[in-house]
Amino acid sequence: MVISPNFPRVPSDVTSAAVSQAEGFAIRLPRAQLGDLIQINCLNRIRGAFCVSSGAHRGHLFFEQGQLIHADFGVVMGLDAVVQMLGWRGGSIEPCVRPWPKESTIDMGADVLLLHAAQRLDEAARADTGPEATTKVVRRALWPAELLPTPVVAENEEPLAFEGAERPSLASALAGERISHLQVARVTLDGTIQQLKAGASTELADTAFFCQRMASMLGETLGLGECRAVSLEGPRESIVVFRGRSIVGTRGKTADLEFIRKKVGLT
Amino acid sequence: MSAEPLERLRQVSGVLGSFTCGSLGQLLLTDMPEQYSLVQLESTAARLANLFQSADEVLPKCRSLTLGFGEHQLSVRRYRFGALCVLTTAAPDRHLLRVTTRLLARRLSALG
């Protein structure tokens, strides 16, 4: 995958990352992944639009204030569009000029976003796996139409407002907004609750913070270093806590959390 | 009680040591590498009890904890006698560890 230029810091009043005069280097990273770009842009609080191409496919990502705020791939928006793009095996990523979305279709940080996306990709891969265990299945990217959910809103509801000619329907916007059934609580390293998703409680946020800190103290006592992840397991429900730039607590059915446990190296 | 039952765990690839603690966080048995002092392990046992106590408040019937560190993992599982804590590398022989842990738990439960 090719990434260029080197995502320079752009003033907040600039509506595109396509600023050829900006400081920074154009780089080519043949083995870079889209997930890397998302993390780098969020980490550096880049504001800008990026065009992601792979063969005939083309999608767009919009970053602002340390978050990926919008993604589109044809009529697919939000997280679904990101999942589609993460499923592409190669291509290019370049800054581009695009009308800036008036509303965001993604409301989560890079860590949580990539976890959600990884779960979707795992589920899609599992769904594509046939009964023959010996058949090797290459991940198949779903067509946009396959990702659209059954409309759950009244037909006379207004679609979300976006600048430009392409105005996505509310159904497709909701497809992007559709989130996992896992509760997610994000807490800063000083214990401030940043985000509660999917019915997550402040209790989950506090527990995540407490467990991460207590486990890290324990690790330091034993000379094992800081704790990177904790899993609290019950017969039906579990909680997995992991630390990135913030502390993230996820709660759900024990089986549903298995993919997170794998991602954070607990299985 | 002798720590001899715990020695069996060390035969499992990736296991560095183990210890048991009571429900109130008191250290019971230890078969940990010498580098870990009793004071360190007692502090660890108390913190694990603290973690379980916190978990109980939000997660009904929390039965096990797994803590991931850089290159190590501490797995803790509750039993009737208390909790069995196993320190491993990041990639132990999980299948053998699971079965050995189960066998050991039976024995420890029988010993009271």
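Data table
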{"quantity": "Count of the range A:219-244 residues which are part of a strand (DSSP E or B) and of a type in the set (Ser, Thr, Tyr)", "calculated": "2"}
{"quantity": "Residue within the range A:77-93 that is modelled with pLDDT of 85 or more and on the phi > 0 side of the Ramachandran plot present", "calculated": "yes"}
{"quantity": "Residue A:29 farther than 30 Å from residue A:193 by Cβ and free of Cβ contacts under 8 Å to residues at least 60 places away in the same chain", "calculated": "yes"}
{"quantity": "Hits in the range A:245-267 - residues which are under 16 Å from residue A:119 (Cβ atoms), in a loop (DSSP other than H, G, I, E, B) and more than 11 Å from chain B (Cβ to nearest Cβ)", "calculated": "A:255, A:256, A:257"}
{"quantity": "Number of positions in the range B:38-60 that are of a type in the set (Ser, Thr, Tyr) and either touching a residue at least 12 places away in the same chain (Cβ under 8 Å) or more than 10 Å from chain A (Cβ to nearest Cβ) (or both)", "calculated": "1"}
{"quantity": "Selection status of residue B:63, among the basic types (Lys, Arg) and within 7 Å of chain A (Cβ to nearest Cβ)", "calculated": "yes"}
{"quantity": "Test result for residue B:41, on the phi < 0 side of the Ramachandran plot, in contact with a helix residue (DSSP H, G or I) (Cβ under 8 Å, 6 or more places away or on another chain) and of a type outside the set (Asp, Glu)", "calculated": "no"}
{"quantity": "Some residue of the range B:24-36 being surrounded by fewer than 20 Cβ atoms within 10 Å (Cβ to Cβ) and under 25 Å from residue A:243 (Cα atoms)", "calculated": "no"}
{"quantity": "The listed residue being more than 8 Å from chain A (Cβ to nearest Cβ), in contact (Cβ under 8 Å) with a residue 12 or more places away in the chain, over 26 Å from residue A:202 (Cβ atoms) and out of contact with any strand residue (DSSP E or B) (no Cβ under 8 Å at 6 or more places or on another chain), out of B:102, B:98, B:80", "calculated": "B:80"}
{"quantity": "Positions within the range A:221-255 being closer than 30 Å to residue B:36 by Cβ and of a type in the set (Gly, Ala, Ser), in sequence order", "calculated": "A:223, A:225, A:229, A:231, A:234, A:238, A:244, A:249"}
{"quantity": "Hits in the range A:213-241 - residues which are under 12 Å from residue B:69 (Cβ atoms) and more than 8 Å from chain B (Cβ to nearest Cβ)", "calculated": "A:216, A:220"}
{"quantity": "In the range A:227-267, the residues that are of a type in the set (Lys, Arg) and closer than 17 Å to residue B:76 by Cβ", "calculated": "A:228, A:261"}
{"quantity": "Some residue of the range B:39-59 being within 30 Å of residue A:253 (Cβ to Cβ), surrounded by fewer than 20 Cβ atoms within 10 Å (Cβ to Cβ), within 12 Å of the chain's Cα centre (by Cα) and aliphatic (A, V, I, L, M)", "calculated": "yes"}
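The values are calculated or read from the model by the stated rules, or taken from the named source; none is laboratory data. For clarity, every value in this text was computed on a predicted model and none was experimentally measured. A quick note on method: Cβ atoms are made from the backbone with ideal geometry, for glycine too, and the neighbour counts reach across all protein chains shown.
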